[in-house]
Amino acid sequence: MFVINCPYCGEREQSEFKAGGEAHIIRPKQPTELSDDQWAEYLFMRKNIKGVQFERWIHTHGCRKWFNVVRDTSNDVIKAVYKMGEKPPTK
Amino acid sequence: MTKNLRVKTSKLIDETYKISFKFNGSTYYGYKGDTLASALLFNDIHLVGRSFKYHRPRGIMTAGSEEPNAIVQLHNNTSRTEPNVRATEIEIYEGLEASSQNCWPSVNFDIGGINNFLSPVLPAGFYYKTFMWPASFWEKYEYFIRKSAGLGRSPTEPDPDIYEHKYIHCDVLIIGAGIAGIVAAKTAAKNGYKTLLIDEKPYLGGSTIYQNSEHFKINNQISSSWLEKEINEIKKIENLEIKTRTSVAAYHGYNFLLARENLTDHIPLEQRNNKIRHRLLKIRAKKVITATGSLERPLIFNNNDRPGILLSSAIEKYANFYGVACGEKNVLFTNNDSAYETALSLYQKGINVEAIIDNREETDSKLIKETEKNNIKVYKGYTVVDTYGYKRINKVSIMQLSKDGQKVIGSKISILCDCLGISGGWTPAVHLFTQSGGKLKFRDEDQVFIPKEYSSDQISIGSCNGDFTLDEILSTVPKAIKKFLNLKKIDYEDFEIKSSFNKSKRNIWLLPSDKILGKTKPFVDYQNDATAKDIKLALREGFRSIEHVKRYTTTGMGTDQGKLGNMHALGIISETTGSKMGELGTTTFRPPYTPLTFGTIVGRSVGEYFDVSRKTAIHEWHVENKAEFENVGQWKRAWYYPKNGENMHDAVQRESKAARDSAGILDASTLGKIDIQGTDASEFLNRVYTNAWSKLAIGKCRYGLMLNEDGMVYDDGVTTRLGENHYIMTTTTGGAATVLGKLEDYLQTEWPELDVYLTSVTDHYATVSVCGPNSKKIVSQIIPDLDFSDKNFPHMSFKNAKIGNINCRVMRISFTGEHSYEINIQANYGKSVWEKCMEAGKEFNITPYGTETMHLLRAEKGFIIVGQDTDATMTPIDLQMDWIVSKKKYDFIGKRSLYRSDTIREDRKQLVGLLTENPNEVLEEGAQIVSDIKKTPIEMLGHVTSSYYSPNLKKSIALGVVKGGKNMMGQKLVIPMENKQINVTVADPVFLDKENKRLNA
Ligand SMILES: [Zn+2]
C-alpha cells in the first residue's frame, strides 16, 4: 500500500484514494462527428504499461478532488503528482 | 518415564515451574519456557503426525516457524480449536491439549499409510491426471480425496476470542532480534530514532542467546553473555519499543508492513477471557532494517523424513536452550561446519554422538579438530544412502561419495542411532525482502540467494544478508547501520571476535544412493510429500518454469510454504536442465510469512460490526411493527410487514392489494438525494441525462435516465427543479455514492467551466411516500394549508409546505402507478410525519408496505429497476424506452454509443413482458428463455429479470430480456425448468393501466 501526496491535502495512505485509469484522455467535444472507430478509440482503448504511466486518482475519503499521478507500475514509485488541468511533467 | 532426556537446562527454562499438558489424550509435563515440541522430545516423543499424501510417520524436524511436519490441532472439538499449529512455536501452558493431524484412526495406526505402499502409482500430478477425467466423476473422487487429505479441522463454533488492529508509525523498524537486530536497535534508538524492534519468538537474542561455546567469543566473553548485557541495556531505552511473539506477515511497498502480535496463545484458556488474542499491527516505517536470520537447509537423500531426523541446528537448540536431548545415540550428517558446533554442544552436555558423516573429503577447521579430539568418529567424503526404522529412526547406512559427488562407491557401513541431525548449510531468510519488491542475486560460492536491490528505504543485515558467521556479522552489521542511518560514530566499531567456524561447504542438491532414483524417497517438500523424483518427472514431462514445477509437484505449497526445501527444488531443476541457478529465478514468496488466523485479519469487524449498517429515521417504527428487513447496499430496508403469522407471499399480496385499493405507505428515505446548484445546473443535467432539462419549469419534476459513456443504463430517478438554479436529484438506493462520484468526475475533469455545486443530502431528509386512491385525502389532512387540487398540484410537480411549523417538500410523483405523494422532511421529523400519516390514514386502512411490494407494484406498471431488469449491457433502446432519449440534444453522456454498430443491432436482448400460459404459474427470476427445446444446441434467448403474482391483475406477470424481443409481441416461448417446461407469451411490459388513469384518480 503506497502513500500518495494529494496536491490539496498532502501525504495520505493509498486506502483513502481510488484510481481512475489513464490520464489525459479528453472527451471529444463533438462525439457525433466521430466514426465508430474513432469513438471506440476514446471509449475503450487504454494503455497498460509496465513502467511509467500517467494516471488519474481521486482522494475519495478526503478532499474528493481528482488529480494526476505519474507512477512507475513496475515498482509503484510515484514520480509526480499534479492537479487537473496542469501540464504533465516532461521528465 | 523411562529415559531422562532433560540435561542441564539453560537459564531460559524454569525447572521449578512444572506444566502439564495432553498430547493425543495422554498427559505429560514440561517446564515453563518449553514449546510443545521441546516438551514432547523431553518425553521421548518424536512421532507427531503423518505426511499429507503418503501418510508417512513424521516427527519434529526443526525448532522454529519453518517446521513442516510437527503441526498439530489444538483443543479439538472446542470453540478455540485451531489446526496447523506448529508444535515448535506453541509454548506450553497448563491444560494445553494437542492432537496429531492427518491421521485416522490414530497417529500410530493410520489407514492412509497404505498410500506409502501405493506410492509407485501416486507420482507427481497424479491427482490432476487421474481424477480430472471423466469430468463428471470429479464429485465422487473429491469426496474421498477430501476425507483422506485435509490438514486439520476448522472450528465449527464462533470464535470466543477478541482481535484488533493497530496502526504504528515509526522511524526505524527492525525485524528480528538476533544479534544483528539487537545491535541495530540499540544504535537506532540511541541516536534518537523512534524505533520498533520485533521478533516472532517469546525471547530476544536469536540463536546467539543460547550459544555457550568457548569457540565463539566477543570481547573475550562467550557470545551469549555479551548479548545478554546488550539486551538488558536496550530494554531501558525509552524511544525503543520491543514486541516479542510478533511475526511480520507481509512487507508491502512504501515500507508498509503487517505483523501479528500474539498476546494470549501462551496462557491457559481460562485466563484468556476478555483479553485480546492477536493484534494485527499495520506498521508504516520510515526505515526498515531486516534482520530475519537464516534457516538451516536439510539434505536430500533416501528416506530423509523419518521421525528422529532433525536439522542439526534444531538438535543444538533443543540441547542448549531447552536442555533436552533429542536422542541418546546421535549421528550427524553435514556438508559444512555447523554440525560440529552441534556435536560439541552435545558432547559438552554429556550426550552421546556416535559419528559425523561429512560430505566434504578434505576439510579441516578448529571445530573439526576439537570434535575428533573428543573421540567422535568423523567419516569424511561420505553420504547417508538410506535410513531405517518406521516410527523412529534406528539405523543409517552410509557409503563413500565419488569424486564428482554423483555416485556412491565402496561398501556400505551401518551405524545404529536414534537421532540423525542433518545440516545442508544455511539459507538467508529473504522472504520479507522479496515481498517488499527487492531483487535477489545468487552467490555461487555457497549457493545462496542474497539481497541485491532494495525497493524502499531499507537494508538487510546479518545472516539474512548472507553474513552467517559471528565475525562476518559483527564486522558488516555496524558499518551497514552507520551508513543506513547516516551516523558519524557508532558504538560497535571495535570488536575482538573469536569465531572458529570455517565456511567451506560441499553442496550436492540431491545426494546419490546405491539404489536407482526410482526406488528411493528423497523428500524435498516434507509437508506435501514432494520428492526429488517428482521434480525430475515434472521436468521429463516438459515443465520448465519453476512456478509450474512447483504447482505440478506441489513443492512449497504447504502451510510452511516450503521454507526448508525450496532451494533444493531449484537446485535439482537447475542440475537436471543444465541451467544456472541465478538465471532460473526463484518462486515468489507470498505473504503471509507464517499463517494468520482469520480473526487477526478481520479484527473487530465481526458480527454487527462486519459492515456499516445504515438505518432510516423511521427504522425504529418498522422494528416495532415487526417488519422483516432486507439489505440494500448498507441500508436496512423494511422488506414486508407480516401480520398474524403471514408468510412473505401472503404479506406482499395483502400489501399490494391495499396500496391499489385504498392507500399504502413506504419509507423511501434511502433513495440517494443530490442537491445541485449553480448557474449552469440546467446545462449540467442536459449533459448527464438522456432527456432535455432546460425547459423544465420551476416546481416541476422529471424522470431521468443516466447512461455510461458506453450507452448502457447506469442509474435513474426523478429530479425536481426547486428554483432557477437549484435542483434536487434522486438516485437509486444502491447507486447514490457512485452517481455522485461520476457527476463530480465530469465536473472536475471534463467540464470545469460549468458553475455547478453538488452536495449529497441523502441522510438529511426522510422520505415518506403515500400512494393509492386515498392518498390525497390522507396527505391533505396533515398539510391542511396546501391546495391539493390537480390544477394547483398536478402529477410530476412539487410544493414547499409546512407540517406544523416544519418546512417540508412534497412531490407528487409515483413509482407504483398510483396517485401518490412523497413528503421530504428534515430527517429527525421523519418518524413523526410517518406516524401522522398512519393516524390520518387509519380510516382508509393505510397499509405500510416494504420493498418487495414496491417491486411488485412497479412491475405491474412495467417500470424498470436498474440493476434488476438491467445489467451493464442494456441501452434505453433495449429497454423500449426510446421516448426518454432526446433526439434534439447535440450531446449527452453515452449518446454517441447509442448508434455504434453493436448497439443498433436488431437482435440485442430487449426488455419485454412475459405472461404464463397458466396464470397461476410464477416464473423464477433468472430462468432461461428459449424458443425451441428440440433443436440442439438450444439457443438461449434471454432470461427472466422480474417475476411476481399480481393480486391486482390476478395472474402471474414477469419482465425479461429476450433477443429481438421488441418484434416478438404475442409470440410463444418456453422456459425450461429442471422438471418441466413453462409456456409463456411475449407481452407488453406495461401490464396495468397503460393509460395512466390511476395517476390522476
Ligand atoms: Zn486531498
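The values are calculated or read from the model by the stated rules, or taken from the named source; none is laboratory data. Small disclaimer: the values here were computed from a predicted structure and weren't measured. Don't worry about glycine lacking a Cβ; one is built from the backbone with ideal geometry, like all the others, and counts go over all protein chains shown. The accessibility values were calculated without ligands, DNA or RNA, using every heavy atom of the protein model including side chains. Shrake-Rupley method; radii C 1.70, N 1.55, O 1.52, S 1.80 Å.
What the table below lists for this structure:
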| read-out | value |
| --- | --- |
| Residue match in the range B:740-751 (condition: part of a loop (DSSP other than H, G, I, E, B) and among the aliphatic types (A, V, I, L, M)) | no |
| Matching residues, the range B:764-779, being of a type outside the set (Gly, Ala, Ser) and in a loop (DSSP other than H, G, I, E, B) | B:Pro773, B:Asn774 |
| Hey, A:Ala80 open to solvent by less than 40 Å² (accessible area, probe 1.4 Å) and aliphatic (A, V, I, L, M) or not | yes |
| Any hit, the range B:320-329, residues being hydroxyl-bearing (Ser, Thr, Tyr), surrounded by 23 or more Cβ atoms within 10 Å (Cβ to Cβ) and within 27 Å of B:Gly181 (Cβ to Cβ) | yes |
| Out of B:Asn644, B:Asn631, B:Asn691, sole residue that is in contact with a strand residue (DSSP E or B) (Cβ under 8 Å, 6 or more places away or on another chain) and assigned to a loop (DSSP other than H, G, I, E, B) | B:Asn691 |
| Qualifying positions in the range B:660-678 - in contact with a Leu (Cβ under 9 Å, 6 or more places away or on another chain) and over 19 Å from B:Gly704 (Cα atoms) | B:Arg660, B:Gly664, B:Gly678 |
| Subset of the range B:935-949 [open to solvent by 50 Å² or more (accessible area, probe 1.4 Å) and in contact (Cβ under 8 Å) with a residue 40 or more places away in the chain] | B:Tyr949 |
| In the range A:71-81, the residues that are of a type in the set (A, V, I, L, M, F, W, C) and closer than 17 Å to A:Lys18 by Cβ | A:Ile78, A:Val81 |
| Residues (at the interface with another protein chain (Cβ under 10 Å from one of its Cβ atoms) and in contact (Cβ under 8 Å) with a residue 40 or more places away in the chain) located in the range A:71-82 | A:Asp76, A:Ile78 |
| Single match in B:Ser504, B:Ser463, B:Ser455 (criterion: small (Gly, Ala, Ser), out of contact with any strand residue (DSSP E or B) (no Cβ under 7 Å at 6 or more places or on another chain) and either assigned to a helix (DSSP H, G or I) or away from every other protein chain (no Cβ under 14 Å) (or both)) | B:Ser504 |
| Single residue of B:Gly410, B:Gly437 found to be part of a loop (DSSP other than H, G, I, E, B) and either within 14 Å of chain A (Cβ to nearest Cβ) or over 24 Å from B:Leu311 (Cβ atoms) (or both) | B:Gly437 |
| Conditions (1) open to solvent by 50 Å² or more (accessible area, probe 1.4 Å); (2) within 12 Å of chain B (Cβ to nearest Cβ); number of the one not met by A:Asn68 | (1) |
| Any chance B:Arg50 is farther than 17 Å from B:Leu596 by Cβ and among the charged types (D, E, K, R) | yes |
| Selection from the range B:674-688 of residues that are assigned to a strand (DSSP E or B) and either aromatic (Phe, Trp, Tyr) or open to solvent by less than 50 Å² (accessible area, probe 1.4 Å) (or both) | B:Ile674, B:Asp675, B:Ile676 |
| Residue within the range B:383-390 that is closer than 30 Å to B:Gly49 by Cβ, under 48 Å from the mean Cα position of the chain (by Cα) and open to solvent by 60 Å² or more (accessible area, probe 1.4 Å) present | yes |
| Complete set of residues in the range A:2-56 that are on the phi > 0 side of the Ramachandran plot and either within 10 Å of chain B (Cβ to nearest Cβ) or open to solvent by 50 Å² or more (accessible area, probe 1.4 Å) (or both) | A:His24 |
| Lone unmet requirement of (1) in contact with a Gly (Cβ under 6 Å, 6 or more places away or on another chain); (2) surrounded by fewer than 17 Cβ atoms within 10 Å (Cβ to Cβ) for B:Leu227 | (2) |
| Single condition B:Asn232 does not satisfy, out of (1) within 24 Å of A:Val3 (Cβ to Cβ); (2) open to solvent by 30 Å² or more (accessible area, probe 1.4 Å) | (1) |
| Residues of the range B:755-785 that turn out to be touching a residue at least 60 places away in the same chain (Cβ under 8 Å) and either open to solvent by 20 Å² or more (accessible area, probe 1.4 Å) or within 12 Å of chain A (Cβ to nearest Cβ) (or both), as a count | 11 |
| Residues that are open to solvent by less than 50 Å² (accessible area, probe 1.4 Å) and part of a helix (DSSP H, G or I), drawn from the range B:188-224 | B:Ala188, B:Ala189, B:Thr208, B:Ile209, B:Tyr210, B:Ser223, B:Ser224 |
